[in-house]
Number of protein chains: 2
Amino acid sequence: MKLSCPVITSSSDCVLLGHGSGGRLSHQLVREVFYPAFRNDLLDQDHDGCVFHSDTSKLAFTTDSYVVNPVFFPGGNIGDLAVNGTVNDLACCGAKPMVLSAGFILEEGFSLDHLKKIVGSMAEAARKAGVRIVTGDTKVVERGHGDGIFINTSGIGAVSPGVDIRPANVRPGDVVICSGFIGAHGICILSSRESLGFETEIKSDTTALYGLVAALLTSIDEIHVFRDPTRGGIGTTLNELAGAANVEIEIDEAGLPVSAPVRAASEILGLDPVYIANEGVLLVILPEQFAEKALSVMRNFPEGEHAVVIGHVVSSGQSLVRMKTYYGGSRIVSMLHGDQLPRIC
Amino acid sequence: MKLSCPVITSSSDCVLLGHGSGGRLSHQLVREVFYPAFRNDLLDQDHDGCVFHSDTSKLAFTTDSYVVNPVFFPGGNIGDLAVNGTVNDLACCGAKPMVLSAGFILEEGFSLDHLKKIVGSMAEAARKAGVRIVTGDTKVVERGHGDGIFINTSGIGAVSPGVDIRPANVRPGDVVICSGFIGAHGICILSSRESLGFETEIKSDTTALYGLVAALLTSIDEIHVFRDPTRGGIGTTLNELAGAANVEIEIDEAGLPVSAPVRAASEILGLDPVYIANEGVLLVILPEQFAEKALSVMRNFPEGEHAVVIGHVVSSGQSLVRMKTYYGGSRIVSMLHGDQLPRIC
């Protein structure tokens with residue numbers, strides 16, 4: 001699905017090369033599209049960047065580029081995905097998201113109406129997540145040298161003094177909690193891209209996870225890791241964590257939260273839900289004694305309503321993820337090798 | 001100039017879709033290409049982002065995406081350009097650059113050797129500028145949906161308490177200093193792209209400008225603005241500043257620092273040097289009484305050796321840039337309308 005203007009009725013309907021020139025057309029785009037949506041006092045500085053005050057000296061910094069195809073999908077679009085994704089990466093560092101940047105790479109001919117809709121979704125997602133978009137950049141590439149729109153968001157978050165969330169903290173005796181149903185985003189993108197038309201429309205789970213993180217940090221004394229299992233799914237993410245902490249993690253296939261539509265679609269497509277991307281799922285790893293409390297805190301949030309324990313850290317000295325299967329056996333869940341689904345985010 | 005692998009002798013020579021999957025191939029790319037080049041203690045956190053301590057609470061934050069075509073050009077490549085450009089945007093906020101992020105959007109088939117060379121240039125530019133690349137992201141798009149390589153860098157800088165650099169500070173009585181010869185980057189990119197083969201090779205001026213900024217902040221009591229005139233050249237930048245401060249700026253055509261090769265090339269191409277992009281030029285606006293001191297400070301640096309006063313802020317109440325021409329007349333320098341040279345950075 002190419003979202004460029006099919007027939008250019010007026011050049012003002014579409015992105016032009018001049019919109020990336022830094023000249024009058026660039027300023028017009030900023031004034032008419034970006035400023036009205038993102039408006040805040042920090043964005044109004046007319047600087048090459050934004051100068052702001054941080055209350056804390058411990059900061060988190062992260063970046064992600066978004067190239068999702070298609071740009072619009074059930075449950076969201078590249079705009080809210082780009083805001084939520086970076087907000088979640090900050091949250092998973094234990095940080096309160098403060099400010100975001102937004103860098104756009106537009107293909108000549110991309111619809112300005114679509115751009116406005118995407119920018120509007122970014123503004124709305126930022127508002128919901130309590131974060132401001134304070135600096136930005138736009139580049140335009142010639143037709144055929146891009147793909148409609150790519151967005152980079154980078155973000156800065158504030159880490160409270162006592163917070164120490166790190167993969168290396170994971171240790172035997174910890175449990176792995178998953179905040180909700182897995183696989184929705186990946187299946188949603190794949191079915192939109194290929195127009196698969198499953199009976200039940202599967203919506204992306206894209207959402208900001210800082211609410212969950214903040215509540216957990218307030219209520220639980222010891223949390224070792226937060227992580228949002230995006231590309232590569234929980235299988236790849238748990239492998240990363242097992243590798244960083246040099247531990248063995250065991251998960252239980254029967255206990256994995258997979259919705260009926262995602263399970264059905266995965267079976268039809270021959271995909272394993274453990275490798276399917278999520279954009280609104282939080283993994284929390286913490287000592288078992290805090291598990292019940294954490295679950296009850298999480299279940300107060302719509303995005304944590306279906307939180308469950310999905311696994312345990314069983315030993316150290318060897319980096320491994322193992323899954324108890326439905327049939328009572330056990331198999332190794334290795335890291336995804338290549339690409340299950342390209343351009344999922 | 002497409003820099004993808006012309007003939008794939010081995011898939012290991014080229015970027016594959018799987019390199020953007022978040023799985024094993026992504027990790028391999030990070031381990032073999034990015035980590036060895038960028039290695040520092042902050043990058044080793046295995047987090048979704050980087051957590052670090054800032055000594056100051058006043059921070060600058062900026063972002064830029066780089067889509068320059070061609071990727072390699074005399075004097076640099078997209079890698080050092082991406083580091084220097086973001087370092088310079090921070091410097092122009094009066095900030096000491098601390099940390100950068102790096103987001104890559106690669107086209108399937110892009111040469112891994114070229115990627116390594118680019119990443120090596122980024123590391124070298126970061127080292128020279130005294131900044132660390134602490135977090136990153138890689139996405140891969142299918143052949144024909146990108147253009148080799150796009151890079152986003154975002155950066156955080158520390159602003160000292162007394163520093164207040166803002167376009168709105170500009171006022172009548174100020175002078176405009178230009179750190180050196182203008183137009184080299186734009187002419188370099190255009191001549192490389194079109195293989196124009198001028199008699200004298202014109203190199204990009206890409207360089208980090210924080211050295212100049214730091215020396216000026218230390219030695220001069222009152223500085224109103226720093227700005228690097230990139231896309232749209234000094235003509236567009238001075239219009240932005242005139243607009244932000246609502247002042248009239250007058251520049252003197254005969255006093256503009258334009259090297260003989262750039263002047264010759266501009267005349268052949270019918271381009272006006274005031275609109276040609278720079279990547280290593282600093283404009284400094286400050287009260288006239290500090291001009292001589294500033295010039296002598298700047299001339300101690302290779303990148304400030306040719307610093308000269310190019311104009312004056314003559315009045316307020318009207319936003320305008322005017323140029324005294326060679327022939328004794330005067331003309332208005334308006335903001336560049338569309339695109340003089342697309343994909344210059």
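The values are calculated or read from the model by the stated rules, or taken from the named source; none is laboratory data. Keep in mind that this is a model prediction, so the values were computed, not measured. Quick reminder, even Gly has a Cβ in these numbers, built from the backbone with ideal geometry, and neighbours come from all protein chains shown.
Looking at residue A:64, is it part of a loop (DSSP other than H, G, I, E, B), among the acidic types (Asp, Glu), touching a Ser or Thr at 6+ places or on another chain (Cβ under 8 Å) and within 12 Å of another protein chain (Cβ to nearest Cβ)?
No, not satisfied.
Count, please, the residues in the range B:246-262 that happen to be out of contact with any Leu (no Cβ under 9 Å at 6 or more places or on another chain) and either among the β-branched types (Val, Ile, Thr) or buried (at least 24 other Cβ atoms within 10 Å of the Cβ) (or both).
2
When the residues of the range B:201-222 are narrowed to those that are of a type outside the set (A, V, I, L, M, F, W, C) and more than 17 Å from residue B:85 (Cα to Cα), which ends up modelled with the lowest pLDDT?
B:201
If you check every pair at least six apart or on different chains, which have Cβ atoms under 7 Å apart with a residue in the range A:107-133 that is closer than 25 Å to residue A:209 by Cα first and a residue that is basic (Lys, Arg) and at pLDDT 95 or above second?
So the pair list comes out as A:126/A:132.
Pick from the range A:80-99 the residues that are in a strand (DSSP E or B) and more than 9 Å from every other protein chain (Cβ to nearest Cβ): which of them is nearest to residue B:62 (Cα to Cα)?
Per the stated criteria, the residue is A:98.
Among the residues of the range B:224-239 satisfying the criterion of being touching a Pro at 6+ places or on another chain (Cβ under 9 Å) and under 21 Å from residue B:294 (Cβ atoms), which is surrounded by the most Cβ atoms within 10 Å (Cβ to Cβ)?
Residue satisfying both the conditions and the ranking: B:238.
Among the candidates B:128, B:116, which residue alone is basic (Lys, Arg), in contact with a Ser or Thr (Cβ under 9 Å, 6 or more places away or on another chain), over 13 Å from residue B:156 (Cβ atoms) and at pLDDT 95 or above?
None of the others qualify; the one that does is B:128.
Under 7 Å between Cβ atoms, which residue pairs at least 6 apart in sequence (or on different chains) link something in the range B:27-51 that is free of Cβ contacts under 8 Å to residues at least 40 places away in the same chain with a partner that is surrounded by 14 or more Cβ atoms within 10 Å (Cβ to Cβ) and hydroxyl-bearing (Ser, Thr, Tyr)?
Sorted first by the residue in the range B:27-51, then by its partner, the pairs are B:48/A:62.
Which pairs turn up if I take residues in the range B:12-23 that are at the interface with chain A (Cβ under 7 Å from one of its Cβ atoms) and within 18 Å of residue A:345 (Cβ to Cβ) and look for partners that are in a helix (DSSP H, G or I) and aliphatic (A, V, I, L, M) with beta carbon separation below 6 Å, at least 6 apart in sequence or on another chain?
Every condition considered, the pairs that remain are B:18/B:25.
Looking at B:277, B:242, B:265, which one is under 19 Å from residue B:320 (Cα atoms) and surrounded by 23 or more Cβ atoms within 10 Å (Cβ to Cβ)?
That would be B:242, the only listed residue that is under 19 Å from residue B:320 (Cα atoms) and surrounded by 23 or more Cβ atoms within 10 Å (Cβ to Cβ).
If we only count strands (runs of 3 or more DSSP E) wholly inside the range B:123-205, which ones have 1 or more residues that are buried (at least 24 other Cβ atoms within 10 Å of the Cβ) and within 11 Å of chain A (Cβ to nearest Cβ)?
Once the strands (runs of 3 or more DSSP E) in the range B:123-205 are filtered for at least 1 residues that are buried (at least 24 other Cβ atoms within 10 Å of the Cβ) and within 11 Å of chain A (Cβ to nearest Cβ), what remains is B:132-141, B:149-159.
Looking only at the range B:251-288, count every residue that is out of contact with any Asp or Glu (no Cβ under 8 Å at 6 or more places or on another chain) and of a type in the set (Asp, Glu) and tell me the total.
4
Residues in the range B:206-216 that are outside any loop (DSSP other than H, G, I, E, B) and within 14 Å of another protein chain (Cβ to nearest Cβ): how many?
2
For the range A:228-280, name all the residues that are within 25 Å of residue B:19 (Cβ to Cβ), more than 13 Å from chain B (Cβ to nearest Cβ) and without any contact (Cβ under 8 Å) to a residue 60 or more places away in the chain.
Selection gives A:270 alone.
Taking the range A:275-323 on its own, how many of its residues are aliphatic (A, V, I, L, M) and within 13 Å of residue A:247 (Cβ to Cβ)?
Total meeting the criteria: 5.
Check A:34, A:52 and return the single one that is in contact with a Leu (Cβ under 6 Å, 6 or more places away or on another chain) and surrounded by fewer than 22 Cβ atoms within 10 Å (Cβ to Cβ).
The match here is A:52.
Go through (1) within 14 Å of the chain's Cα centre (by Cα); (2) free of Cβ contacts under 8 Å to residues at least 60 places away in the same chain one by one and return the number of the condition residue A:67 breaks.
(2)
Being of a type outside the set (Asp, Glu) and assigned to a loop (DSSP other than H, G, I, E, B), is that true of even one residue in the range B:261-274?
Within the range B:261-274 (the criterion being of a type outside the set (Asp, Glu) and assigned to a loop (DSSP other than H, G, I, E, B)), the answer is yes, since at least one residue qualifies.
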